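A.B. asks: Starting off with a structure, shown below.
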Amino acid sequence: MEVKLTKYSRSSGCGCKISPAVLNEIIKNKSEDFIFSNLLVGNNENDDAAVIEFDNENAIISTTDFFTPIVDDAFDFGMIASCNAINDIYAMGGEPLMAIAILGWPVDKLKPELANEVIQGAKKICMQAGIPLAGGHSIDSIEPIFGLAVTGKIKKQHIKKNNTIHDGDVLYLTKPLGIGILSSALKREMLTKEEYTQFIKYTTSLNKIGQVLANKSYVNAMTDVTGFGLIGHIYEMIKPGSFKALLNRVDIPVLQSAIAYGSKFIYPDSTTRNYNAYASAIEGLKDLDMFYYCDPQTAGGLLISVSAAFENEAEQIFKNQHQEFYKIGHFEKNNEPKIIFE
């Protein structure tokens, strides 16, 4: 009998993230933190990973990411969760070094052989990243949970934060949107074989282009699109410096299958939570736009902010690396953070 992992989880993939509003309440600082002068990126910044100075030239990147099943196949689940976690290192411009596994498994409901399939999927993605899956920790849990804690390295001068955009920067996205919608359709057993193949293609594609771009001074900021959707992660880019993001609706890639399911009002619950968290900063949404631009992505693409004078050079690198890319808008200084769809 085929086991459907998604039947054992209330939500799936990055769609199971705690909402932005609730998360802010959880992590807000109520007492004075110790100051670590060598902590370059930490709790005070909503970035993709933590970064700590190792010596005068180098830094260590550390991240963890885990979630409940987004697919029914155990091997695919392991691949997707691992890709999603490793991509946080690439989003900082870093080189991954090793990973350790985080596994929660309802041993009274699901056979350990299935958990082994999850681990095998994880090993495949780690091999593609050129790193060992070096160990981990497991617990008996109510829902299946899997992910990785990943360690990486980077030259200090090459660190790419998510909030260091410049006035006039051009914004690129490297994967189409719609993964959250497709995961909802999958739970309803509606995805075709071709749609599932496309789904797996994008959710298991490592964002290695981030490491390639690390030493490019004209790449001012990077982040990956995950649980808070396109709007949420762009908001994290613009909030600190009070910019407006001017986005060209026709240039924003959305999977055609996701558009079809979205038109039938098939979408994750976290989509509306994402919209409510950032609604005051959004202008120009039309029709069903919210379903696509607030859609929680799992192992989503990179958002890359590039100085306008170097967009041709950046695009040539994308092409040389056979990297899918879309120029979706640009940034301008503003008196408050705004995301404007044109």
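A.B. asks: Tell me yes or no: at least one residue of the range 17-25 is surrounded by 15 or more Cβ atoms within 10 Å (Cβ to Cβ), modelled with pLDDT of 65 or more and not basic (K, R).
C.D. replies: No, every residue in the range 17-25 fails to be surrounded by 15 or more Cβ atoms within 10 Å (Cβ to Cβ), modelled with pLDDT of 65 or more and not basic (K, R).
A.B. asks: Let me ask another. Report those strands (runs of 3 or more DSSP E) wholly inside the range 208-323 carrying at least 1 residues which are among the basic types (K, R) and either at pLDDT below 95 or touching a strand residue (DSSP E or B) at 6+ places or on another chain (Cβ under 9 Å) (or both).
C.D. replies: Hits in the range 208-323: 243-247.
A.B. asks: Can you give me the ranges of the strands (runs of 3 or more DSSP E) entirely in the range 85-187 with at least 1 residues that are more than 25 Å from F325 (Cβ to Cβ)?
C.D. replies: Qualifying strands (runs of 3 or more DSSP E): 95-105, 133-140, 145-155.
A.B. asks: Quick one: in the range 54-102, of everything that is under 17 Å from K201 (Cβ atoms) and of a type in the set (S, T, N, Q), which residue is farthest from the chain's Cα centre (by Cα)?
C.D. replies: Among residues in the range 54-102 that are under 17 Å from K201 (Cβ atoms) and of a type in the set (S, T, N, Q), the one farthest from the chain's Cα centre (by Cα) is S82.
A.B. asks: Further, regarding this structure: Suppose we keep only residues that are among the hydroxyl-bearing types (S, T, Y) and more than 16 Å from the chain's Cα centre (by Cα) within the range 150-195. Which one would you say is modelled with the lowest pLDDT?
C.D. replies: Among those residues, the one meeting the criterion is S184.
A.B. asks: Hey, S184 hits all of (1) hydroxyl-bearing (S, T, Y); (2) closer than 29 Å to N334 by Cα; (3) crowded, with 20+ Cβ neighbours inside 10 Å but one; which does it fall short on?
C.D. replies: Condition not satisfied by S184: (2).
A.B. asks: Same structure again: Looking at the range 235-247, can you tell me whether even one residue there is closer than 15 Å to M290 by Cα and touching a residue at least 12 places away in the same chain (Cβ under 8 Å)?
C.D. replies: So far as the range 235-247 goes, yes, one or more of its residues are closer than 15 Å to M290 by Cα and touching a residue at least 12 places away in the same chain (Cβ under 8 Å).
A.B. asks: Which one is surrounded by the fewest Cβ atoms within 10 Å (Cβ to Cβ), of the residues in the range 78-133 that are in contact with a Lys or Arg (Cβ under 7 Å, 6 or more places away or on another chain) and closer than 18 Å to I145 by Cβ?
C.D. replies: Across the range 78-133, the extreme among qualifying residues is L133.
A.B. asks: Quickly run through the range 324-342 and pick out the residues that are surrounded by fewer than 17 Cβ atoms within 10 Å (Cβ to Cβ) and either free of Cβ contacts under 8 Å to residues at least 12 places away in the same chain or in a loop (DSSP other than H, G, I, E, B) (or both).
C.D. replies: Residues satisfying the conditions are E324, N334, N335, E336, E342.
A.B. asks: Assess whether A299 counts as being under 20 Å from the mean Cα position of the chain (by Cα), assigned by TED's automatic domain parsing to the domain that holds G210 and on the phi > 0 side of the Ramachandran plot.
C.D. replies: yes
The values are calculated or read from the model by the stated rules, or taken from the named source; none is laboratory data. Being a predicted model, the structure only gives us computed values, none of them experimental. All Cβ positions, even for glycine, are placed from backbone atoms using ideal geometry, and neighbour counts span all protein chains on display.
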